[in-house]
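These notes are about the structure you will find just below.
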Amino acid sequence: MVYSLGRLSPSRFRVNQLQRPYDDIYIFRNLTHLEIHDFWETAIPVLHLCPKLQNLKLCEQCFVENWDGEDDEESWGEPEYVPQCLLSCLTTYNILHFLGLQNELLLAEYILRNAYNLQTTTIKCKREPLKIERKLSQCPKASATCQLSVCLKDTDYLMANADFYIVLTVND
């Protein structure tokens, strides 16, 4: 079954820092596939809600279209708790429209360092695939079997609406 949540506010997934990230929030216990379009900063809080997630896809089209060529400042902080899906279930991780900015690299490195069952990581970037692959290849990986693939994305992914949305796939 596929369920689309439509437009969601990123603030809906803010986590109380005094509690474990998933104590008071609805958990998607059977969710196995997740796509997050734009608002990558919500990725880790959302992953805490998906303990059986196997496939994660991140797409950052909105930012790419409005990118001014400048790298962002490092503003992503490593979370206190590692999401359960990274520790036990995530096998596939895909990123579309990766620019290689500092926050994107930090998130990608975090997932590579903490996803123990990760088998495939595919990154389709808009620039410098060799530089990005070299940087991520040097990152320690929790999974000894993870295959990292970085390639140049030459076609644009068109979104009908630039608002934040996620796509959920639930197996019964």
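All of the numbers you see were taken from the coordinates with simple rules; none came from a lab. From a predicted model like this one, the values you see are computed outputs, not experimental measurements. All Cβ positions, glycine included, derive from the backbone under ideal geometry; neighbour counts span all protein chains shown.
A cut-off of 5 Å between modelled amide H atoms, ignoring neighbours fewer than 5 places along the same chain, links VAL150 with ILE123.
Give, as a single signed number, the net charge of other residues whose beta carbon lies under 13 Å from the beta carbon of ASN114, with Lys and Arg counted +1 and Asp and Glu -1. Net local charge, ASN114 excluded: -1. Given LYS52/LYS153; LYS52/LYS124; LYS57/LYS141; LYS57/LYS124; LYS57/LYS126, which pairs have Cα atoms separated by over 22 Å? Too far apart for the 22 Å limit: LYS52/LYS153; LYS52/LYS124. Once you have a ≥ b ≥ c as the square roots of the Cα gyration tensor eigenvalues for the stretch 72-131, tell me rounded if a/c is under 1.5, and otherwise prolate or oblate according to whether a/b is larger than b/c. It comes out oblate by the Cα gyration axes.
For PHE98, nonlocal amide neighbours, meaning residues 5 or more places apart or on other chains whose placed amide H falls under 5 Å from its own, are LYS124, CYS125, LYS126. Each residue of the stretch 138-150 was assigned a 3J(HN,Hα) from its phi angle through the Karplus curve 6.51 cos²θ - 1.76 cosθ + 1.60 (θ = phi - 60°); the sequence is 7, 6, x, 10, 5, 9, 6, 9, 5, 9, 9, 10, 10 Hz, with glycine and proline shown as x.
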